[in-house]
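Asker: Dumping the structure here so I can ask a few things about it.
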């Protein structure tokens, strides 16, 4: 059994990364502009990533995994298990 974005236990298939990054942002009470600034992009472009109008670059996905302290499998929607970002 896995945990959903609110930490509740759930079963089922993992979600896509667009939904995951939006849920993580909302769970951390961040605005799109704040996350966009962290990534060095515009709020408009970040909104396009969340909507799926543009594919998010790998470098941004890695930075978001670090920012939210989640592993890439969780961030990218390959797993519903929220493990911390691996430390070097």
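Asker: Applying the selection to the stretch 23-58, what residues are in a loop (DSSP other than H, G, I, E, B) and within 24 Å of residue 82 (Cα to Cα)?
Answerer: Of everything in the stretch 23-58, those that are in a loop (DSSP other than H, G, I, E, B) and within 24 Å of residue 82 (Cα to Cα) turn out to be 28, 29, 30, 31, 52, 55, 56, 57.
Asker: How many of the residues in the stretch 64-82 are surrounded by 15 or more Cβ atoms within 10 Å (Cβ to Cβ) and touching a strand residue (DSSP E or B) at 6+ places or on another chain (Cβ under 6 Å)?
Answerer: The total comes to 2.
Asker: So, of the residues in the stretch 1-59 that are within 16 Å of residue 71 (Cα to Cα) and touching a strand residue (DSSP E or B) at 6+ places or on another chain (Cβ under 7 Å), which turns out to be modelled with the highest pLDDT?
Answerer: So, considering only residues that are within 16 Å of residue 71 (Cα to Cα) and touching a strand residue (DSSP E or B) at 6+ places or on another chain (Cβ under 7 Å), the one modelled with the highest pLDDT is 4.
The values are calculated or read from the model by the stated rules, or taken from the named source; none is laboratory data. Worth saying up front: this structure is predicted, and the values here are computed from it rather than measured. Counting neighbours? That spans all protein chains shown, and the Cβs are built from the backbone with ideal geometry, glycine included.
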